[in-house]
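S.K.: Let me give you the structure first, and then I'll get to my questions.
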Amino acid sequence: MPDELPPRVRSAVVTRLRTGEAVQTVAEELGVTTATVYQRRRRDAGFAAAMDQATTTRTPEPAGIATDAQWIAFYEHLAVHGVLRQAALAAGIRPEAVYDRRRTDTGFAKQTDQLRAGPE
């Protein structure tokens, strides 16, 4: 079976993650699926470590990156459309700030997951 994620693509993924881009955006622009990236990550400890290093070496967003009004707009948009990046941009928040907050704040991650899932 051919390698679904050749070395040049793995390298590009890691390089672009360092700039703060989301895996979904990077994968789409490189012509692969996010599933392919994450499958390779699960099978390849070196690639997983490189991805982790790329996302943890970025400069963290300041705590007050968004106003209360921006977060309210973010939640409202997310509840309707269910897309994190789109909701962040609509609210004037850098998407990377949302992704970083999801990684560090489990309550926020659960809340956004619930909003993405829609009403039950």
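S.K.: Where the second residue is open to solvent by 50 Å² or more (accessible area, probe 1.4 Å) and not aromatic (Phe, Trp, Tyr) and the first is over 18 Å from Thr56 (Cβ atoms) and lies in the range 7-18, which pairs have Cβ atoms under 8 Å and are six or more apart or on separate chains?
M.R.: Partner pairs satisfying both residue conditions: Val9/Leu30; Ala12/Leu30.
S.K.: Run Glu21 past the list (1) buried (at least 17 other Cβ atoms within 10 Å of the Cβ); (2) part of a helix (DSSP H, G or I); (3) charged (D, E, K, R) and report the number of the one that doesn't hold.
M.R.: Among (1) buried (at least 17 other Cβ atoms within 10 Å of the Cβ); (2) part of a helix (DSSP H, G or I); (3) charged (D, E, K, R), the lone unmet condition for Glu21 is (2).
The values are calculated or read from the model by the stated rules, or taken from the named source; none is laboratory data. For clarity, every value in this text was computed on a predicted model and none was experimentally measured. Please note: Cβ atoms are built from the backbone with ideal geometry, for glycine as well, and neighbour counts cover all protein chains shown. All accessible areas refer to the heavy atoms of the entire protein, side chains included, with ligands and DNA or RNA removed. Shrake-Rupley method; radii C 1.70, N 1.55, O 1.52, S 1.80 Å.
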